[in-house]
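Presented below is the structure to which this report refers.
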Amino acid sequence: MKRIMIVGPCGSGKSTLAVRLGGLLGIPSFHLDQLAWSPGWRESPEADWRPELQRIVALDRWIIDGNDAGTIPLRLARADTVIFLEFTPMVCLWRVVKRIVSNRGRTRFDMAPDCPERVDLSFLYYVATWNRGPRKRVEKKLEEADHEIVHLASPRALEDWLRRTIAD
């Protein structure tokens, strides 16, 4: 594994896994949320950040976490491994609520500057309904993959996979 994509619902731990796996394998990790958001939780036009993503994807080694369906083909063309975290909406909602409580008012390590954690009911609804919309878009784009996708359905499955993978 040299170029790894991590996708999955918000709250599944994509960014945490990217950093953790990067540390274990000695591969730099990058977070799409840092590219796609501007201060104050404003979405940046893709045209503004796509060149930076293209530069990252051209590197020999990387881990990129994020779901932006529009950039999946770009990442997929160079990835050798795709990890799809498929945790249940309840697990993800619980994790998001814990994240909001523990980081409220502070910007997380994986976000753009000046995007402090906050309560956002529309975001919680998005997390709860991710399987009905965003997941389908991500899965459709991943159909183009010509290599195996690692599907992990629970935190325990993730830990088991990590233990087996790192031991190899």
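The values are calculated or read from the model by the stated rules, or taken from the named source; none is laboratory data. A quick note: this is a predicted structure, and the numbers were derived from the prediction, not measured. As a convention, Cβ positions derive from the backbone with ideal geometry for all residues, glycine included, and neighbour counts pool all protein chains shown. Remember, those area values only see protein heavy atoms, side chains included, never the ligands or the DNA or RNA. Shrake-Rupley method; radii C 1.70, N 1.55, O 1.52, S 1.80 Å.
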Item checked: Residues being in contact (Cβ under 8 Å) with a residue 60 or more places away in the chain, in a helix (DSSP H, G or I) and open to solvent by 50 Å² or more (accessible area, probe 1.4 Å) - total across the range 141-168 -> 2
Notebook entry, point to check: Which pairs do you get when a residue that is under 19 Å from A47 (Cα atoms), found in the range 62-82, comes within reach of a residue that is modelled with pLDDT of 95 or more and aromatic (F, W, Y), reach meaning Cβ atoms under 7 angstrom, with the pair 6+ apart or on two chains?
Noted result: I64/F30
Check: Considering the range 125-140 alone, what residues qualify as being within 17 Å of the chain's Cα centre (by Cα), in a helix (DSSP H, G or I) and not acidic (D, E)?
Finding: Y126, V127, A128, W130, N131, P134, R135, K136, R137, V138, K140
Notebook entry, point to check: Condition test on R106, is it closer than 17 Å to W41 by Cα and loosely packed, with under 14 Cβ neighbours inside 10 Å?
Noted result: yes
Next item on the list: Identify all residues within the range 45-72 that are at negative phi and outside any helix (DSSP H, G or I); write none if there are none.
Entry: P45, A58, L59, D60, R61, W62, I63, I64, D65, N67, D68
Note to self: For the range 1-26, which positions are open to solvent by 10 Å² or more (accessible area, probe 1.4 Å) and among the hydrophobic types (A, V, I, L, M, F, W, C)?
What the structure shows: M1, C10, V19, L24, L25
Checklist line | Test for I27: is it free of Cβ contacts under 8 Å to residues at least 40 places away in the same chain and among the β-branched types (V, I, T) | finding: yes
Item checked: Subset of the range 58-72 that is surrounded by fewer than 20 Cβ atoms within 10 Å (Cβ to Cβ) and modelled with pLDDT of 95 or more - its residue that is nearest to the chain's Cα centre (by Cα) -> R61
Next item on the list: Check the range 100-107 and report whether any residue there is hydroxyl-bearing (S, T, Y) and in a loop (DSSP other than H, G, I, E, B).
Entry: yes
Check: Across the range 73-95, which residue is farthest from R132 (Cα to Cα) among those that are assigned to a helix (DSSP H, G or I) and open to solvent by less than 10 Å² (accessible area, probe 1.4 Å)?
Finding: R75
Note to self: Can you tell me which residue is nearest to the chain's Cα centre (by Cα) among those in the range 5-42 that are among the small types (G, A, S) and part of a helix (DSSP H, G or I)?
What the structure shows: S15
Notebook entry, point to check: Which condition does E43 not pass, out of (1) over 21 Å from G105 (Cα atoms); (2) open to solvent by 60 Å² or more (accessible area, probe 1.4 Å); (3) free of Cβ contacts under 8 Å to residues at least 24 places away in the same chain, if it passes all the others?
Noted result: (1)
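Residue-by-condition table, conditions (1) closer than 19 Å to P113 by Cα; (2) not hydroxyl-bearing (S, T, Y):
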| site | (1), (2) |
| --- | --- |
| T16 | yes, no |
| L35 | yes, yes |
| P45 | yes, yes |
| E52 | yes, yes |
| R75 | no, yes |
| D80 | no, yes |
| T88 | no, no |
| W94 | no, yes |
| K98 | no, yes |
Notebook entry, point to check: E117 passes all but one of (1) open to solvent by 20 Å² or more (accessible area, probe 1.4 Å); (2) of a type in the set (D, E); (3) farther than 21 Å from M1 by Cα; (4) in contact with a helix residue (DSSP H, G or I) (Cβ under 8 Å, 6 or more places away or on another chain); which number fails?
Noted result: (1)
